[in-house]
Every structure is written in C-alpha cells, then in structure tokens.
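Written below as structure tokens is the structure these notes are about.
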Amino acid sequence: EVRLTDLDGRPVRIDDFRGRPLWINFWATWCPPCQQETPDLRAAYEANRASGLVVLAISIQEAEPTVRDYATRYGLTYDIALDTNGAVMATYGVFGLPTHYFVDRDGVIRDRYFGPLSREQMEERIRLIAGP
C-alpha cells in the first residue's frame, strides 16, 4: 500500500481531497528548479485557495526535519506530504522533479507537466481544474 504522511506523521490520502481541485507537486528541497518555482507556487496557491484549491506538495525521499525547515523558510501554507520511500512517485510514473498533476473535483487527472511551471502556466492549469 502506498503511504504518505504529513510533517507531523499523520497519514495523507489523496482520496481525501476528492471534491476539490487538487494540484499535486512532486518535489525535493535539493532540486534547483523546484526551489526556483516555490515562490510562484506559493503565490498561485494563496491567490486561489479561497476557491477551494488544494496544493499537495509531495517531497520525495527526504527526512521530515529537512522538509519542515524548507517549508518554514519559504512560508509555505499548502499541504506537504512525505514520500519517504519513493513509492508514490513510482505509482505516478514520476521520473524527474518537479512533476505536476492537476486533478479536477471528480478525481480526474486533467493535466500533467514535467519540469518547473511559470506563474502564468500555473494559473492556466488551475483554471482547468477549478472551473465549474
């Protein structure tokens, strides 16, 4: 079974976000393109959270203290989960970081993007999943 935990060790299930637009971001603190897009990702989330958008940032094979320090340093307020053994990454066919999945309210993956996104690209994809 594929398991994710939040920074406090509580289980995170992707199904728990059903009914809300969900942006899954596979990333790592050591990944330069991930670091580069963090401020835009944070801004896009903050601008769209009132519409119900969920950002689930899944850190790949990193220790909780490392990820927590990064989240604190960048002031991240979206959901962060740990994929400590890389099983979720493998399930989603992720082969590079960052990788983004955009899932609509019905749980349908509407888009997938490999590599860093510009703020404009983020907003386009949020509209795709957050629409009526």
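The values are calculated or read from the model by the stated rules, or taken from the named source; none is laboratory data. Being a predicted model, the structure only gives us computed values, none of them experimental. Note that we place each Cβ from the backbone using ideal geometry, even for glycine, and neighbour counts take in every protein chain shown. In case anyone asks, the SASA skips ligands and DNA or RNA and just uses the protein heavy atoms, side chains included. Shrake-Rupley method; radii C 1.70, N 1.55, O 1.52, S 1.80 Å.
Accessible surface for segment 1-102, divided over its residues, is 48 Å² per residue with a 1.4 Å probe.
Across segment 119-127, computed HN-Hα scalar couplings (Karplus, 6.51 cos²θ - 1.76 cosθ + 1.60, θ = phi - 60°) run 4, 4, 4, 4, 4, 4, 6, 5, 4 Hz from first to last residue, x flagging Gly and Pro.
Taking all protein chains as they are arranged and a probe of 1.4 Å, the heavy atoms of Asp15 leave approximately 100 Å² accessible to solvent. Restricting attention to the chain, close to 55% of DSSP beta bridges with both partner residues there are antiparallel. Database remark: amide H of Leu56 closer than 5 angstrom to the amide H of Trp23, Ile24, Asn25 (H placed geometrically; neighbours at sequence offset of 5 or more, or on other chains; Pro and chain starts carry no H). Helical content alone sets the calculated 222 nm signal of the chain at -10500 deg cm²/dmol, taking -39,500 (n - 2.57) per DSSP H segment of four or more residues and averaging over every residue. Each residue of segment 46-57 is assigned a 3J(HN,Hα), and the resulting list reads 4, 6, 10, 5, 5, 7, x, 4, 10, 10, 10, 8 Hz, derived from the Karplus form 6.51 cos²θ - 1.76 cosθ + 1.60 (θ = phi - 60°), x at Gly and Pro.
Backbone N atoms of segment 1-22 closer than 14 Å to the 7 Å Cα→Cβ label point of Asp104 belong to residues 19-22. Solvent-accessible area of segment 1-129 (1.4 angstrom probe, protein heavy atoms only): carbon and sulfur portion equals 48 percent. Take the Cα of Phe114, step 7 Å toward its Cβ, do the same at Arg10, and the gap between the two points is 3.5 nm.
With a ≥ b ≥ c taken as the square roots of the eigenvalues of the C-alpha gyration tensor of the chain, please select rounded if a/c is under 1.5 and otherwise prolate if a/b is larger than b/c or oblate if it is not? The partial results should precede the final answer.
Numbers: a/c = 1.42, a/b = 1.21, b/c = 1.18.
Cα axes put the chain in the rounded bin.
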